[in-house]
Each structure stands twice: as C-alpha cells, then as structure tokens.
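A quick write-up on the structure given underneath.
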Amino acid sequence: MPRKTNKDSKDGKGRGRSGTMEKRTPRPKPKIDFTIESMDYKNVNLLKQFTTDNGRILPRKYTGLPAHYQRHLNRLIKRARQMLLMR
C-alpha cells in the first residue's frame, strides 16, 4: 500500500497550519512600576507577587521581566526564604 503524500491528504488532519490564518494576540507588556532599588529581600509584598501560592518562583514567561531583573528577583526570593521571611 503506497504512502500518502501531501497531495493526497486534503482532509486537514495532516501537519501544518490550516488555510485560515489566525493572528495571535500579542502578550501584554508588564508594567514595571518598581525600581531596582525597591527590589529588596525585605520587601516581601513585592516578592510575593512573583511567586505562586505554593511558593514557586514564576518564570520569566509569566512575569515578563527582563532577564537581568528576573535573575535579581530569583536571588532576592531565595535570600528571603533563607531568612524565613517568606515561604
């Protein structure tokens, strides 16, 4: 039995995109309303915004922070955990 080729599969179950192109809505840009000076391991209210209810640190995909801020934020959250300021 011969393999199906791209010409044979017109049912839409194959790979690739369908004929109608839907544009994705762009990810909203986060409003960074704090400065790097306000980011401190003692500022627990700010740090809790970037963690889940279980205490996991949100990835950059969800926070929308630049890489430099995200790395700094990770350090501060881990430092606050060491000091038992947050969970």
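No lab work stands behind these numbers, since they all come straight from the coordinates. Given the structure is predicted, the values throughout are model-derived calculations rather than measurements. We place every Cβ from the backbone using ideal geometry, glycine too, and count neighbours over all the protein chains shown.
Between a first residue in segment 52-80 that is without any contact (Cβ under 8 Å) to a residue 24 or more places away in the chain and a second residue that is surrounded by 14 or more Cβ atoms within 10 Å (Cβ to Cβ) and of a type in the set (Phe, Trp, Tyr), which pairs have beta carbons less than 6 Å apart while being 6 or more apart in sequence or on different chains? Qualifying pairs under 6 Å: 58/50. For segment 67-80, residues that are closer than 15 Å to residue 34 by Cα and either surrounded by 12 or more Cβ atoms within 10 Å (Cβ to Cβ) or among the hydrophobic types (A, V, I, L, M, F, W, C) (or both) total 5.
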